[in-house]
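Heads up: the structure comes next, in structure tokens.
The values are calculated or read from the model by the stated rules, or taken from the named source; none is laboratory data. Predicted model only: the values in this text are computed from it and were never measured. A quick note on method: Cβ atoms are made from the backbone with ideal geometry, for glycine too, and the neighbour counts reach across all protein chains shown. Only protein heavy atoms, including side chains, enter the accessible area calculation; ligands, DNA and RNA are left aside. Shrake-Rupley method; radii C 1.70, N 1.55, O 1.52, S 1.80 Å.
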Amino acid sequence: MIKHMGPAGETAFLGSMNRTYLEHIRPQAWRQQDTQLIPKPKDPGNTRPIALLSYMEKTGEKMVLNRMKYKIGPLHKQLYAYQEGIGTSECITDVLSCINQKKATIVFIDFEKAFELASRAAMLQSVARKGVIGHLLAWTKNYVLGRQAGVKFQ
């Protein structure tokens, strides 16, 4: 959608994004996540939740994530989530190469709702200790506080 806005639309969009960053406030509509239950392709009787966010919010998240990565450095090399082009297969390949055909016990942990249950204050303190200050820290604080989610049914 952004690619098709044209120069005037892109300028307006960038102005809106920069305003949220400089003022440390995101519109209330951006804080609301609507979750739709979508039927699974191979099992239409079962559904999976899909979170729908504003395209401006998604773009803002990506912009701030890039700034955050620049400020604090790349994510840990053994973190396999939230990294473009990295997934379960890379994790399994790394584990198999480490054990090198030896006997091993492997435990994979998927913390359900880890982000939702994590202490917002602890997250903010952690990024602040890593040198995130000013607009970036204030925008991040605004991002993690006051988020709402709901499920739309039928």
Handout entry: Hits in the range 1-28 - residues which are assigned to a helix (DSSP H, G or I), at pLDDT below 85 and over 17 Å from Val144 (Cβ atoms)
Key = Ile2, Lys3
Exercise for the section: Within the range 85-100, track down each residue that is surrounded by 12 or more Cβ atoms within 10 Å (Cβ to Cβ) and closer than 14 Å to Leu75 by Cβ. Expected result: Ile86, Glu90, Cys91
Handout entry: Count - residues of the range 36-69 that are under 28 Å from Leu136 (Cβ atoms) and of a type in the set (S, T, N, Q)
Key = 3
Completion exercise
In the range 30-48, anything closer than 17 Å to Val144 by Cα and assigned to a strand (DSSP E or B) is listed as Gln32, Gln33, Asp34
Practice task
Please enumerate the residues belonging to the range 63-84 that are surrounded by fewer than 10 Cβ atoms within 10 Å (Cβ to Cβ) and either under 15 Å from the mean Cα position of the chain (by Cα) or among the hydrophobic types (A, V, I, L, M, F, W, C) (or both).
Solution key: Pro74, Tyr82, Glu84
Practice task
Please list, ordered by first then second residue, the pairs with beta carbon atoms under 6 Å, 6 or more apart or interchain, first in the range 133-151 and touching a residue at least 60 places away in the same chain (Cβ under 8 Å), second open to solvent by 70 Å² or more (accessible area, probe 1.4 Å) and in a strand (DSSP E or B).
Solution key: Gln148/Gln32
Problem - Residues located in the range 110-132, provided they are over 19 Å from the mean Cα position of the chain (by Cα) and surrounded by fewer than 11 Cβ atoms within 10 Å (Cβ to Cβ) - result: Arg129
Handout entry: Subset of the range 1-49 (residues that are open to solvent by 80 Å² or more (accessible area, probe 1.4 Å), in contact (Cβ under 8 Å) with a residue 60 or more places away in the chain and among the β-branched types (Val, Ile, Thr))
Key = Ile25
